[in-house]
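> My questions all concern the structure below.
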Amino acid sequence: ERRAEVLYHEQKVLEGDPRHMKLNETVKAVDRRMKTRGKKANMDAIKKASERTEGVNAVLDYNTLETVLLTCAILVAMAAVLFESRRLRNGSSPIVREALVWV
């Protein structure tokens, strides 16, 4: 099916159809660009490029570190609000307070 479309396109180019002629120029330009690039986009090259970029790994590590620290800060703030509640402050439920301390 693809080959039939290519043959149809080539026939239209030979007939001088302006739309197909412009499309043909674009296809040739893309082909030239791909030939000058070579085969850089295979999986081995992508893997090597990702290994060389240590800066990206550092940013990823800093983002992970920031996420962990923010989560810890939120949990500490929530615990402070919880321990300052009236229910736990007046000592009416020491078992719940003890459980929360250990959790």
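The values are calculated or read from the model by the stated rules, or taken from the named source; none is laboratory data. Note that the structure is predicted; figures quoted are calculated from it, not measured. Cβ coordinates were reconstructed from backbone atoms using ideal geometry, including for glycine residues, and neighbour counts include every protein chain displayed.
> Could you please find all residues in region 71-103 being among the aliphatic types (A, V, I, L, M) and exposed (fewer than 11 other Cβ atoms within 10 Å of the Cβ)?
If the condition is that a residue be among the aliphatic types (A, V, I, L, M) and exposed (fewer than 11 other Cβ atoms within 10 Å of the Cβ), then 73, 74, 75, 76, 77, 78, 80, 81, 95, 99, 101, 103 are the ones that fit.
> Further question: Can you find even one residue in region 33-42 that is modelled with pLDDT of 75 or more, over 23 Å from residue 101 (Cβ atoms) and part of a helix (DSSP H, G or I)?
Yes: one or more hits.
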